[in-house]
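Student: Right, I'll just put the structure down here and ask away after.
Just so you know, all these numbers are worked out from the coordinates, no wet-lab data involved. Here the structure is a predicted model, which means the values were calculated and not measured. All Cβ positions, even for glycine, are placed from backbone atoms using ideal geometry, and neighbour counts span all protein chains on display.
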């Protein structure tokens, strides 16, 4: 079935500028977004419910589920989902599960989720399995100027839609279950670096340290300032005075570069959220990130001077090395939840193998993709890309080696996703460090970890 005639006629009558996109046949609205390389939050999903008094069309983002109970309470009517036959009678030129969000065109009362009104552009199904219609913000306002809007029409889904169908019917058994690389290539709008991270990153370019500027920037965010002071107050550093300001943390405990990296890492990763039901919980992510960062900093301090990296960059590499998990969960929720199911089904398989067979990319690839766009230091990007690769010997391998050792040491405390607790002799030799030194550094960290535990908890909230 082609684009519904009613849809085209209505758009033309309303003088709405639009663009018709043809994609490979899709099975549902989430699949349509995936095949078009569009964030599902930009695709309008149409639901039709009804009761004895009539029908109602509700339009929500494709990455959410209808909050039927909320709609019932909002309108004080006992709505139920309509079956496909009833929908076909209302929208005669559409496939029932591929409805455009045009209630006015079909004589059905329609309410839209309020958050849709802020999109710069959006996409709607066109009544068939092959087409999407793109409209910009101006066209959206023109098309829906007489429609009703309301909040809380939708909720976050507990699980991604149609996961079981995708797992049972992979597109090609000899290729990854999902082609995330293709989806990333078609993603039109990358997330911007958070504003606070941009402020701090700009200070890195200054030829001389700007302690007051860094302190002032961090203190604009009370939560970030508290994290910096909490870390500086850790018994791990042995400072006996009171850390009562960011300036004190910089000048008396941590130093300019260390606070710069600490603040940059937290400001970069904190806005990204992990959905429930995946392989990694937000608590687990931040616990591992905070401990890994502190251990990488400790490791950097005991490396030979000729290869010793700045402790701040070592910390940043440890904090952000698993950023790919955050990015995957934040931008590609369905894929993230499917990966969680695949990992649960293959508990003894290394995470990278499961990721490659499921997504066609591992979390190092995914994290470095965005970090390169943001121009995060190359040393950190290498740590993100190579921290599971014990054979890597390229540029900045000191950073990936430190993170790999930190990951495997923390695995002994049930933290992180390292495939083993064994320390590769090649990396130990390259870094000129012993397992005894690593064990001692980790023990010191764990003996004074109260501040780290609180810090991880606060970042996860």
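Student: Normalising by the residue count of the chain, find the relative contact order in percent from Cα pairs under 8 Å and 6+ residues apart.
Tutor: So the answer I get is 14 percent.
Student: Within a 10 angstrom radius of the beta carbon, how do 371, 446, 343 rank from fewest other beta carbons to most?
Tutor: Details: 371 23, 446 13, 343 18.
The most exposed by this proxy come first: 446, 343, 371.
Student: Find the relative contact order for region 309-432 and round it to a whole percent, using C-alpha pairs within less than 8 Å whose residues are 6+ positions apart. Provide the component values of the computation, followed by the final result.
Tutor: Details: 146 pairs, mean separation 31.3, N = 124.
Here the relative contact order equals 25 percent.
Student: Label-point separation (nm) for residue 425 and residue 83, each offset 7 Å from Cα along Cα-to-Cβ?
Tutor: The answer from the label model is 7.1 nm.
Student: Once you compute Rg and the Kirkwood Rh from C-alpha atoms, what is the Rg to Rh ratio for region 272-460?
Tutor: Working: Rg = 15.6 Å, Rh = 16.5 Å.
Taking Rg over the Kirkwood Rh, I get 0.94.
Student: Can you tell me the length gained on complete extension of the stretch residue 202 to residue 69, counting 0.36 nm per residue apart and subtracting the Cα distance? It would help to have the intermediate numbers written out before the result.
Tutor: Working: separation 133, 0.36 × 133 = 47.88 nm, distance 4.74 nm.
Answer, rounded to one decimal: 43.1 nm.
Student: Separate question: Calculated from DSSP H runs of 4 or more alone, at -39500 (n - 2.57) each and per residue, what is the 222 nm mean residue ellipticity of the chain, nearest 500? Let's see the in-between values first.
Tutor: Numbers: 23 runs with 229 residues, N = 461.
After summing the helix terms and dividing by the residues of the chain, the value is -14500 deg cm²/dmol.
Student: Normalised by the residues of region 5-157, what does the relative contact order come to in percent, with Cα pairs under 8 Å and at least six apart? Could you put the intermediate results ahead of the total?
Tutor: Values: 290 pairs, mean separation 48.4, N = 153.
Over region 5-157, the number comes to 32 percent.
Student: Angle between the Cα long axis of helix 195-204 and the longest principal axis of the chain, 0 to 90 degrees, nearest 10?
Tutor: Approximately 30 degrees, to the nearest 10.
Student: From the mean inverse distance of alpha carbon pairs (Kirkwood) and the Cα radius of gyration, derive Rg over Rh for region 5-157. Let's see the in-between values first.
Tutor: On the way: Rg = 14.3 Å, Rh = 15.4 Å.
Answer for region 5-157: 0.93.
Student: Which angle between 0 and 90 degrees, to the nearest 10, do you get for helix 282-302 versus the longest principal axis of the chain when only C-alpha atoms count?
Tutor: That helix lies at roughly 30 degrees to the long axis.
Student: For a paramagnetic label modelled at 7 Å from the Cα of residue 276 toward its Cβ, which residues of region 30-70 fall within the zone defined by backbone nitrogen distances under 14 Å?
Tutor: In region 30-70, the label zone of residue 276 (backbone N under 14 Å from the point 7 Å along Cα→Cβ) covers 65.
Student: Ratio of Rg to Rh for the chain, alpha carbon only, Kirkwood?
Tutor: On the way: Rg = 25.5 Å, Rh = 24.4 Å.
Radius of gyration over Kirkwood radius for the chain works out to 1.04.
Student: Return the whole-Å distance between the Cα centroid of region 299-331 and the Cα centroid of region 428-460.
Tutor: Answer, in whole Å: 13.
Student: May I ask what percent, to the nearest 5, of DSSP beta bridges between residues of the chain are antiparallel?
Tutor: Working: 21 of 30 bridges.
DSSP beta bridges in the chain are roughly 70 percent antiparallel.
Student: If a paramagnetic tag sat 7 Å from the Cα of residue 372 along the Cα-Cβ line, which residues of region 333-363 would have the backbone N under 17 Å from that point?
Tutor: 360-363, by backbone N distance to the label point.
Student: Measure nothing fancy, just the Cα-based angle from helix 256-269's long axis to the longest principal axis of the chain, in degrees from 0 to 90, nearest 10.
Tutor: 20
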